[in-house]
Every structure is written in structure tokens, then in C-alpha cells.
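**Q** Provided herewith is a single structure, encoded as C-alpha cells, for subsequent inquiry.
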Amino acid sequence: MSTARDTWHRPPFIANPILRWAVYLGVGVYVLWTIATLPIDWARVAEGLERAQRIFGGAFPPSFARSGLLIDGFLESLKIAILATFGGVLLSIPIAFMAARNISPLPIYYLGRALIIIARSFHPVIVAIIFVKAVGFGPFAGVLTLVVYSIGFVAKMLAERIEEIDFGQVEAMRAAGAPYLSTLFYAIFPQIMPRQIGLTIYQLDSNLRASAVVGIVGAGGIGSTLANAFGRYDYDFALAITMVIVGVILVSEAVSGQIRKRI
Amino acid sequence: MGPAGTGRVRNREIQMLKITELVKRYGSGDPVLKNLNLTIEGESVVSIIGSSGAGKSTLLRCINRLVEPSSGSIVLNGTELTKLRGRELRAARRKIGMVFQGFNLVDRLTVMENVQSGRLGYISTWAAVMRRYPKEDIRRAYELMERVGIAHYADKRADELSGGERQRVGVVRALMQKPEILLADEPTASLDPKTSEQIMGLLRDLAGELKLPVLINIHNVAEAKEYTDRIVGMRYGRIIFDDLPEKLDQDAMDKIYSGSPAADRAGTPGEMREAS
Amino acid sequence: MTLSDLHRDDWARFTPRQRMQRYAMFLLGALAVGWALGSIDVIWAWVWDAPVQMGDLFGRMIPPDPTNLDTILWVLWETVNIATIATAFAVLISLPVAYLAAQNTTPNRATLWLGRFILVSSRSINTIIWALLFVAIFGPGIVAGIVAIMFRSIGFIGKLLGEAIEEIDKRPVEALEATGASRFKIIAYAIVPQVMPTFWAVSILRWDINLRESTVLGLVGAGGIGIILQGAIDTFNWPEAATVLLAILVLVILGEIVSAFLRRRIL
Ligand SMILES: Nc1ncnc2c1ncn2[C@@H]1O[C@H](COP(=O)(O)OP(=O)(O)O)[C@@H](O)[C@H]1O
Ligand SMILES: [Mg+2]
């Protein structure tokens with residue numbers, strides 16, 4: 001009890017002091033350097049504030065005068081989302097089976113994984129400009145884009161679900177001499193079905209959100225309406241559209257959450 | 001330096017907690033505490049027993065105002081606690097240490113940080129955030145931790161410790177406040193019997209060493225009788241027994257516990273049950 | 001076990017009511033798809049032509065042209081910086097917002113609604129829409145991009161952090177209240193340590209997402225690799241576009257590896 005210690009230091013996160021200071025220094029230098037080299041043109045920013053005033057001044061009050069255009073845009077977004085969800089989920093099923101380690105032979109597994117990684121890695125807007133170039137402006141490019149987007153998420157989640165399935169049933173089927181497809185239908189589908197329905201509803205919600213974005217680069221839907229309004233300096237209409245987008249997204253999120261909770 | 005030196009030497013007036021006509025009602029229901037009177041003087045270890053729902057926790061929590069009393073008065077060493085607000089309330093709480101059934105440690109902080117959190121009311125915000133604790137606080141923490149046998153865990157995270165060790169941290173945290181009274185709400189209910197006895201022994205010994213009154217809610221009547229100087233029995237928000245442990249006979253037990261499930265009497269000494 | 005056993009076993013899982021619900025759902029889905037197919041405004045000839053067009057386009061991308069690779073890599077680095085700086089600022093700003101938006105820490109009703117309002121408006125407006133706005137304000141360039149990503153990320157991080165604050169174990173908080181500690185110190189000692197894991201996990205996750213988002217900012221003029229991609233596509237320089245796409249793919253995969261590493265290291 002003679003050890004009257006009166007100093008204490010919290011054990012550092014990185015024990016090695018050299019490494020620790022190197023990390024601190026590295027982070028500090030990186031942050032300072034990137035911020036210092038930001039090309040901020042203060043004159044432009046000051047001017048920008050004026051411009052912001054003009055934009056917000058022009059945006060209030062939001063104008064619902066062309067609500068016909070707005071509704072059309074929305075219906076188109078909804079159609080894009082529905083078709084893309086349908087197509088995306090349909091395509092996701094075979095891709096998910098390909099990408100499930102417990103079902104597929106290695107080469108097919110790698111192919112499935114590669115498809116998923118590619119679909120996930122590219123932001124839908126990039127995919128959209130490529131499709132717009134390939135198939136022209138309009139909702140079809142939007143559908144294709146969101147099909148890819150859906151595959152990136154649905155196939156990935158589904159593959160993970162398939163990897164967790166109970167193999168007892170599959171083996172029972174095989175033992176009963178069932179052909180491959182029957183095994184699929186009777187032993188695997190029932191196990192992944194509930195997850196699949198939840199994922200589909202979630203994806204429909206995501207696609208509706210995303211369709212508002214890909215429209216900005218010309219892939220149809222409400223996003224195109226918004227981009228046009230912005231391009232024509234119709235800030236009051238743009239604000240109206242944005243408000244409606246926000247409202248619809250909130251409603252759609254709530255509805256999809258409720259439905260997924262029920263099933 | 002001996003264990004007794006770890007506490008503040010109290011040669012001033014005797015510690016006293018005086019509760020009068022305390023009423024607590026949650027919402028609009030029946031009162032949970034009904035015109036309760038209780039005085040605790042000196043450095044005694046007092047246990048409060050009673051079946052669950054009797055109002056033991058509510059009573060303890062009214063003292064440090066984790067629960068707002070509905071009416072009545074609670075005076076600790078001359079300070080009326082029920083009327084305090086804001087800064088004054090915080091100052092009064094520093095004088096009241098509390099030990100919890102679930103330990104209530106911050107799992108992801110080290111033992112030392114948990115222990116020092118008992119001093120948060122005394123140190124500057126900067127020192128608290130930067131973990132720059134005053135030297136005498138660190139010394140005191142090591143002494144207390146050594147006293148209860150956890151000094152070697154100072155740098156460990158609280159969630160790496162066993163239940164008994166965690167409760168020791170809880171006790172040290174409360175003692176770091178240099179409290180004028182220590183409250184313990186079922187401090188051993190989450191522990192195995194052996195550890196439970198160790199903690200009770202520790203509380204009793206510390207009360208003696210630090211000249212500190214200790215008020216313990218406890219389920220286990222055998223432990224209450226063995227480790228405390230005075231037993232208060234509660235039932236339906238009233239005190240119906242208040243005497244020396246050896247005066248707690250079968251008759252009193254029945255009054256305190258009658259009609260309650262047998263589980264509530266866990267730890268009732270065997271011979272008592274047989275006697276009935 | 002025979003096939004029919006399994007079959008019956010399956011359907012026994014659903015009560016008739018559930019089965020009706022399922023049929024209704026499928027019917028509804030079919031109707032929705034039918035409606036969308038029937039009324040969507042596309043030129044079907046183009047649709048049938050699409051595979052050929054796509055094949056043609058990818059054909060023109062091969063082989064990718066690496067002549068501008070050094071510029072591409074440099075701008076890619078700039079893209080990383082946009083994501084990183086924006087995430088860092090967003091994290092700092094989302095802390096007080098999460099504090100306001102969590103029911104158990106917010107000072108009063110008004111601040112709760114203020115916090116929630118900030119979160120909802122930030123979250124439901126996409127990065128690209130924010131970017132459109134900030135390009136209009138700040139002019140084209142990386143600053144608009146950083147601010148746009150920041151604005152979108154605040155809602156994301158703030159919401160998850162606010163939920164983490166609401167889900168903390170309240171008992172340590174109570175214990176520190178009992179020691180007479182002030183509000184701020186209670187936050188520092190009992191709340192912050194508990195939300196730290198979520199804080200790091202959410203920050204890393206958002207950085208990973210922002211890496212992807214920052215690759216498209218350029219398409220609305222807000223800096224980053226998107227500008228080069230847009231330029232290549234507009235001039236029908238498909239081999240260079242292919243190089244950019246490959247670079248983005250590598251970047252995103254590296255980003256995932258880095259964030260997986262950080263998650264393991266920190267959590
Ligand atoms: N926060 C609260 N709100 C409403 N009722 C409570 C609350 N806390 C305790 N009670 C009620 O008060 C009574 C006494 O509870 P408590 O003081 O916890 O008893 P004990 O600690 O003796 O088991 C119980 O009937 C309990 O249901
Ligand atoms: Mg209790």
C-alpha cells in the first residue's frame with residue numbers, strides 16, 4: 001500500500017507511440033493540406049450568396065401552377081420504379097443463386113459476385129448516362145439503370161440469405177431423387193421467399209427515390225422535370241417539385257416500413 | 001497508510017439523515033410511500049427489507065432526488081433536500097453516494113475513468129474531458145481501489161470485469177464523492193452468494209473505516225441480519241418494523257412479507273421457515 | 001420424406017387468411033406492372049433495338065485508352081478528397097444535430113422538432129439535387145460538391161447517431177446524475193462512450209457511400225471524376241470513358257477494402 005501513485009493516463013488507442021504520432025501527424029497534414037488547397041474563390045462565394053438570395057427569392061412561394069407536369073413526372077417515376085423493381089428482382093434471383101457459395105461451382109460463383117460488385121460500384125447516375133447514350137433519353141434508360149441498381153442490392157442480400165439456408169431440406173429432396181429445378185422450387189424458394197418479399201418492397205422504395213435522381217441526367221421521371229425547371233430558372237416550380245419529392249419519399253418510406261413490419 | 005486513512009477524518013458533528021412525512025406517488029395512483037418517517041444517525045449500517053414493490057427503491061431514490069418526492073421533508077446534515085434545484089441539487093448529490101443493483105458502470109470506459117466519474121461534480125469540464133484528473137483524486141482512487149482489491153484493473157475496460165469486481169468499481173465510484181451518506185439499492189442482487197457476502201462485508205467495513213452511514217436495500221434477510229446494525233422493514237410504502245437485527249423474529253417477518261410470493265423471501269434462514 | 005410431404009408442409013405454414021393476403025399482394029404487383037408497362041412513354045422499337053445498341057457501345061469502349069491516365073488518377077484523388085473532407089465536416093455538424101434530434105438529450109420540444117426537421121430535409125434531398133443548388137450558388141467546382149455531400153450526409157449520420165443516443169443504456173446516466181455531475185459531463189462520460197461504436201461505424205459507412213456519390217458530382221458540375229467522364233462521353237471518346245469507369249470501379253472496391261479494415265480496427 002506504499003505505492004502512492006498519483007498519475008494516470010488513459011491507455012492510448014494505438015499503443016506504439018511512433019505509429020500513434022505518425023497517424024496523428026498524417027491525418028493532420030492531410031486535412032490541413034486538402035482544406036488549404038481547396039480552390040475557394042471568395043469573390044465567387046460572395047457573389048454566390050447574392051445568387052442564393054436570388055434563387056431563394058425566386059423559389060418562394062413555390063409554384064404549383066404546372067401541377068399537371070408535376071403529376072406526369074411523378075407517375076412516370078412510379079412506372080420506372082415498378083418496372084425496374086420487377087425486372088431487377090427477376091434478374092436478381094438467378095444472379096443470387098450464381099453468387100451463393102453453397103450452391104454454385106466456383107467459376108459461376110465468381111461470375112455472380114463480379115456482376116454484383118459491378119452493379120453496386122457504379123452510382124446509378126453514371127449507369128444512367130451510359131444508358132441514355134445507348135438507348136436515348138427517356139424512361140427506358142431510367143428503367144435499365146434502376147434494374148442494374150436493384151441487382152446490386154437485391155442479388156447481394158438474396159445471395160447472403162441463400163448461403164444461410166437450412167440444407168437439410170435440400171438434401172432430403174436430393175435423397176428423394178428430385179431433379180435440380182424441383183429442389184430449387186420446393187426446398188430453397190420457400191426458405192428465401194419471405195426475405196424476398198421484404199427486399200422487393202424495400203427496393204421499390206429505393207428505386208422511387210433513385211428515379212428522382214437519374215432523371216436529372218435525362219433518364220425520365222420527376223428528376224427530368226426538376227432538372228428542366230432548374231435549367232429554365234423556374235426556381236418556384238423547382239421548389240414545388242422538391243417539396244413533393246420529399247413528401248413522397250417520406251410517405252413511401254413509412255409505407256414500405258409498415259408493410260415490411262407486417263410480413 | 002492504513003485503510004482508515006483513505007477516508008476524510010470526520011471529527012465534526014455526527015452525520016444525520018432525517019426523513020419526515022415523506023409521500024411519493026407516481027402519476028395519479030395510490031402513493032407508493034405513505035407519510036414515511038425515518039431517522040438515521042451516526043455511522044450505522046441500516047438495511048431496508050421488504051417484498052418487491054414495497055417502495056424500497058423509491059425511498060432511496062427520493063433521498064438523492066433521482067425520484068421527486070411528492071411531499072414531506074428530507075434533511076441531510078442540516079440541508080433540506082426536497083427543495084433544491086439545479087446547481088444546489090447537484091452540490092447536494094455530491095454528498096450522497098449511491099451503489100446500484102446493476103452496477104451502472106459505463107462499460108466502454110476504463111475502471112479508472114468510471115471511478116473518477118464519482119468526482120465529476122468537483123473537477124473542471126476541461127479536466128473531465130481531457131482525463132486530467134487532480135493528483136490527489138488519482139491517489140485516492142488507487143487507495144480505494146487497492147482497499148477493495150481492484151487496483152490492478154485500473155486500465156481495464158469496465159465490461160471486462162466480473163460482477164463482483166464491477167460492483168467494487170461501483171462502490172469506489174460512490175466513495176470517490178467523499179459522501180456523507182452511502183445509499184445502496186440491492187447492491188448484491190445481481191451477484192452469486194459468495195460474492196454477495198464479500199460485497200456486504202466490504203460495505204460494512206468501509207462504513208466503519210470511513211465513519212459513514214450506509215443505507216442498504218436488500219432482499220436477502222440473512223445478509224441483512226448478519227451485516228447490518230439496524231433493520232427497517234417496509235410494506236406497502238410504510239415502515240412497519242425498525243429495530244436491531246436480533247429483534248427481527250418470525251412474527252415481524254410475517255408482517256413484512258406475508259402474502260407475498262415465496263421468492264421474495266429468498267435467503268430467509270431455514271430455521272425461520274421451519275418455525276412457521 | 002417425399003415431395004408431397006414437403007409440399008404440404010410448406011403450405012401448412014400459411015393460414016388461409018395469410019394465403020389470401022399473399023395472393024392479393026401478387027395480384028396487386030401484377031396489376032402495377034401491367035399498368036406501368038401499358039402506359040409508360042417509351043418507343044418500343046428502341047427497346048427492341050437496345051441490346052444491339054448496348055453491344056455496339058461496349059464494343060467501342062474496347063480497348064480502354066490509358067493516355068490520360070495520370071490526369072484521371074489525379075482527379076480521382078481529388079474525388080477521394082471531396083468525399084473525405086465532406087464526411088469529416090458532416091460528422092462534426094451532425095453531432096449537435098443528433099443531440100437535438102434524440103428524445104432523451106434534446107433540451108425541449110422545439111429543439112427536438114428543429115433537429116428532426118434538419119435531419120429530414122437533409123436526408124430526403126439527394127446529393128445530386130443538393131449539388132444542383134450549390135453549383136448554382138457557388139459556381140461549378142469542388143466546393144459545391146463538398147458542400148452538397150456534406151448536406152446530404154448530415155441527415156444520414158445524424159439520424160443513425162440520434163437513434164443510437166436514444167437506445168443507450170440509461171443506467172450509467174442515472175448513476176452520474178446521482179454523483180451530482182453537470183449535464184455536459186454526463187454527456188461526456190455516460191453518453192459519448194456508449195455511442196462511440198455507432199459513431200465510427202456510421203462515419204465509415206457514410207465515407208464509403210460518399211466515395212461513390214462523389215464520382216457523379218461532376219455530371220452537374222460539382223467537381224471530381226464525373227467531369228472527365230462527362231467530357232469523354234460528350235465527345236464520344238468511349239475508350240477514355242472506359243478507362244474512367246475502370247478507375248472508378250477500382251476506387252470503389254479499394255474504398256470498400258479500406259472501410260472494412262477501419263471497421264475491424266476500430267470496432
Ligand atoms: N417510475 C415509476 N413509475 C410508476 N410506478 C413506479 C415507478 N417506479 C416504481 N413504481 C411503482 O412503485 C412501487 C414501489 O416500487 P419500488 O420502489 O421499486 O419497490 P421496491 O424497490 O421495494 O421493489 C411499485 O408498485 C412500482 O410498480
Ligand atoms: Mg427495488
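The values are calculated or read from the model by the stated rules, or taken from the named source; none is laboratory data. Just so we're clear, the structure is a prediction, and the values are computed from it rather than from any experiment. Cβ placement follows ideal geometry from the backbone for every residue including glycine, while neighbour counts extend to all protein chains displayed. Accessible surface areas use protein heavy atoms only, side chains included; no ligands, DNA or RNA. Shrake-Rupley method; radii C 1.70, N 1.55, O 1.52, S 1.80 Å.
**Q** Give me the residue from segment B:199-238 that is within 16 Å of ligand 2 (Cβ to nearest atom) and of a type in the set (Val, Ile, Thr) and, out of that set, farthest from the other protein chains (Cβ to nearest Cβ).
**A** The extreme case among them is B:Val221.
Quick grid of which residues meet (1) closer than 30 Å to C:Thr84 by Cα; (2) more than 13 Å from chain C (Cβ to nearest Cβ):
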{"position": "A:Ala22", "(1), (2)": "yes, yes"}
{"position": "A:Glu47", "(1), (2)": "yes, no"}
{"position": "A:Leu70", "(1), (2)": "no, yes"}
{"position": "A:Ile82", "(1), (2)": "no, no"}
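**Q** Quick one: A:Gly58 ticks every box in (1) open to solvent by less than 60 Å² (accessible area, probe 1.4 Å); (2) more than 20 Å from C:Ala131 (Cβ to Cβ) bar one, so which box is it?
**A** (2)
**Q** Look at C:Thr243 and say whether it is open to solvent by 50 Å² or more (accessible area, probe 1.4 Å) and out of contact with any Cys (no Cβ under 7 Å at 6 or more places or on another chain). Break it down into steps so the answer makes sense when it comes.
**A** Values: open to solvent by 50 Å² or more (accessible area, probe 1.4 Å): no; out of contact with any Cys (no Cβ under 7 Å at 6 or more places or on another chain): yes.
Against the criterion (open to solvent by 50 Å² or more (accessible area, probe 1.4 Å) and out of contact with any Cys (no Cβ under 7 Å at 6 or more places or on another chain)), C:Thr243 does not qualify.
**Q** Report the residue count in segment B:58-104 for those that are closer than 19 Å to B:Gln177 by Cβ, assigned to a loop (DSSP other than H, G, I, E, B), open to solvent by 30 Å² or more (accessible area, probe 1.4 Å) and of a type in the set (Lys, Arg).
**A** Looking only at that region, the number is 1.
**Q** Here is a further query. Quick one: would you say A:Ser63 is in contact (Cβ under 8 Å) with a residue 40 or more places away in the chain, among the small types (Gly, Ala, Ser), open to solvent by less than 40 Å² (accessible area, probe 1.4 Å) and outside any helix (DSSP H, G or I)?
**A** Working: in contact (Cβ under 8 Å) with a residue 40 or more places away in the chain: yes; among the small types (Gly, Ala, Ser): yes; open to solvent by less than 40 Å² (accessible area, probe 1.4 Å): yes; outside any helix (DSSP H, G or I): yes.
It is true that A:Ser63 is in contact (Cβ under 8 Å) with a residue 40 or more places away in the chain, among the small types (Gly, Ala, Ser), open to solvent by less than 40 Å² (accessible area, probe 1.4 Å) and outside any helix (DSSP H, G or I).
**Q** Considering only residues of segment B:25-64 that are more than 8 Å from ligand 1 (Cβ to nearest atom) and on the phi > 0 side of the Ramachandran plot, which is nearest to the other protein chains (Cβ to nearest Cβ)?
**A** Ranking the qualifying residues of segment B:25-64, first place goes to B:Gly42.
**Q** Give me a count of the residues in segment B:200-236 that are out of contact with any helix residue (DSSP H, G or I) (no Cβ under 8 Å at 6 or more places or on another chain) and outside any helix (DSSP H, G or I).
**A** Of the residues in that region, 3 qualify.
**Q** All but one of (1) assigned to a loop (DSSP other than H, G, I, E, B); (2) in contact with a helix residue (DSSP H, G or I) (Cβ under 8 Å, 6 or more places away or on another chain); (3) within 16 Å of ligand 2 (Cβ to nearest atom) hold for B:Ile48; state the number of the condition that does not hold.
**A** It fails just one condition, (1).
**Q** Which of the following residues is open to solvent by less than 40 Å² (accessible area, probe 1.4 Å), touching a residue at least 12 places away in the same chain (Cβ under 8 Å) and on the phi > 0 side of the Ramachandran plot: A:Gly138, A:Gly112, A:Gly142?
**A** A:Gly138
**Q** Among the residues of segment C:91-104, write down those that are under 17 Å from the mean Cα position of the chain (by Cα) and either within 14 Å of another protein chain (Cβ to nearest Cβ) or modelled with pLDDT under 90 (or both).
**A** At the first step, the residues of segment C:91-104 found to be under 17 Å from the mean Cα position of the chain (by Cα) are C:91, C:94.
C:Val91, the sole residue that qualifies.
**Q** Looking at (1) in contact with a Pro (Cβ under 7 Å, 6 or more places away or on another chain); (2) free of Cβ contacts under 8 Å to residues at least 40 places away in the same chain, which is the one condition that is false for B:Gly86?
**A** Result: B:Gly86 fails condition (1) only.
**Q** Considering only segment A:145-171, how many residues are surrounded by 20 or more Cβ atoms within 10 Å (Cβ to Cβ) and within 12 Å of the chain's Cα centre (by Cα)?
**A** Going through segment A:145-171 one residue at a time, the tally reaches 9.
**Q** Name, by its number, the condition in (1) aromatic (Phe, Trp, Tyr); (2) open to solvent by 50 Å² or more (accessible area, probe 1.4 Å); (3) closer than 28 Å to A:Glu50 by Cα that does not hold for C:Trp130.
**A** In the conditions (1) aromatic (Phe, Trp, Tyr); (2) open to solvent by 50 Å² or more (accessible area, probe 1.4 Å); (3) closer than 28 Å to A:Glu50 by Cα, C:Trp130 misses (2) alone.
**Q** Return the only residue of C:Ala88, C:Ala144, C:Ala190, C:Ala110 being open to solvent by less than 40 Å² (accessible area, probe 1.4 Å) and out of contact with any Pro (no Cβ under 9 Å at 6 or more places or on another chain).
**A** On the way: C:Ala88 fails: open to solvent by less than 40 Å² (accessible area, probe 1.4 Å); C:Ala190 fails: out of contact with any Pro (no Cβ under 9 Å at 6 or more places or on another chain); C:Ala110 fails: open to solvent by less than 40 Å² (accessible area, probe 1.4 Å).
Residue meeting the stated conditions: C:Ala144.
**Q** Follow-up. Which residues, taken from segment C:126-149, are in contact (Cβ under 8 Å) with a residue 12 or more places away in the chain and facing chain A (nearest Cβ under 7 Å)? Explain how you work it out, then say what you get.
**A** As a first pass, look at segment C:126-149 and keep what is in contact (Cβ under 8 Å) with a residue 12 or more places away in the chain: C:126-128, C:130-135, C:140-149.
Within segment C:126-149, C:Asn126, C:Ile128, C:Leu132, C:Gly141, C:Ile142, C:Val143 qualify.
**Q** Taking the criterion of being within 12 Å of chain C (Cβ to nearest Cβ), over 23 Å from A:Pro11 (Cα atoms) and within 16 Å of ligand 1 (Cβ to nearest atom), would at least one residue in segment B:163-182 satisfy it?
**A** No, the conditions are met nowhere in segment B:163-182.
**Q** Quickly run through segment B:160-199 and pick out the residues that are small (Gly, Ala, Ser), in contact (Cβ under 8 Å) with a residue 40 or more places away in the chain and either touching a helix residue (DSSP H, G or I) at 6+ places or on another chain (Cβ under 7 Å) or in a loop (DSSP other than H, G, I, E, B) (or both).
**A** Let us first name the residues in segment B:160-199 that are small (Gly, Ala, Ser), namely B:162-164, B:170, B:174, B:184, B:189-190, B:196.
From what's left, in contact (Cβ under 8 Å) with a residue 40 or more places away in the chain: B:163, B:170, B:174, B:184, B:189-190.
Answer for segment B:160-199, where residues must be small (Gly, Ala, Ser), in contact (Cβ under 8 Å) with a residue 40 or more places away in the chain and either touching a helix residue (DSSP H, G or I) at 6+ places or on another chain (Cβ under 7 Å) or in a loop (DSSP other than H, G, I, E, B) (or both): B:Gly163, B:Ala174, B:Ala184, B:Ala189, B:Ser190.
**Q** Let me ask something else about it. Of (1) away from chain A (no Cβ under 14 Å); (2) of a type outside the set (A, V, I, L, M); (3) open to solvent by 50 Å² or more (accessible area, probe 1.4 Å); (4) in contact with a Leu (Cβ under 8 Å, 6 or more places away or on another chain), B:Arg157 satisfies all except one. Which?
**A** In the conditions (1) away from chain A (no Cβ under 14 Å); (2) of a type outside the set (A, V, I, L, M); (3) open to solvent by 50 Å² or more (accessible area, probe 1.4 Å); (4) in contact with a Leu (Cβ under 8 Å, 6 or more places away or on another chain), B:Arg157 misses (1) alone.
**Q** A further question on this structure: Could you tell me which numbered condition C:Ser153 fails, if it satisfies all but one of (1) more than 21 Å from the chain's Cα centre (by Cα); (2) more than 13 Å from C:Tyr99 (Cβ to Cβ)?
**A** Looking at each condition in turn, C:Ser153 falls short on (1).
Here is a yes/no grid of residues against (1) within 14 Å of chain C (Cβ to nearest Cβ); (2) at pLDDT 90 or above; (3) within 16 Å of ligand 2 (Cβ to nearest atom):
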site: B:Leu66; (1), (2), (3): yes, yes, yes
site: B:Glu80; (1), (2), (3): no, no, no
site: B:Gly86; (1), (2), (3): yes, no, no
site: B:Val99; (1), (2), (3): yes, yes, yes
site: B:Asn104; (1), (2), (3): yes, yes, yes
site: B:Val115; (1), (2), (3): yes, yes, no
site: B:Ser124; (1), (2), (3): yes, no, no
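**Q** It is to be established whether one or more residues within segment B:133-150 are more than 8 Å from every other protein chain (Cβ to nearest Cβ), in contact (Cβ under 8 Å) with a residue 60 or more places away in the chain, charged (D, E, K, R) and open to solvent by 10 Å² or more (accessible area, probe 1.4 Å).
**A** The answer is yes; a qualifying residue exists.
**Q** Going residue by residue through segment B:99-114, is there one that turns out to be more than 24 Å from C:Val192 (Cβ to Cβ) and within 16 Å of ligand 1 (Cβ to nearest atom)? Before the answer, list the steps.
**A** Within segment B:99-114, the first condition is being more than 24 Å from C:Val192 (Cβ to Cβ), and the residues that meet it are B:101.
Filter once more, so that each one left must be within 16 Å of ligand 1 (Cβ to nearest atom): B:101.
Yes; the residues of segment B:99-114 include at least one that is more than 24 Å from C:Val192 (Cβ to Cβ) and within 16 Å of ligand 1 (Cβ to nearest atom).
**Q** Residues being within 8 Å of another protein chain (Cβ to nearest Cβ) and either part of a helix (DSSP H, G or I) or open to solvent by less than 40 Å² (accessible area, probe 1.4 Å) (or both): count how many of those fall in segment C:29-48.
**A** 11
**Q** Now for a separate question. Report yes if B:Ile74 is within 16 Å of ligand 2 (Cβ to nearest atom) and aliphatic (A, V, I, L, M), otherwise no.
**A** Working: within 16 Å of ligand 2 (Cβ to nearest atom): no; aliphatic (A, V, I, L, M): yes.
Spelling it out, it is not the case that B:Ile74 is within 16 Å of ligand 2 (Cβ to nearest atom) and aliphatic (A, V, I, L, M).
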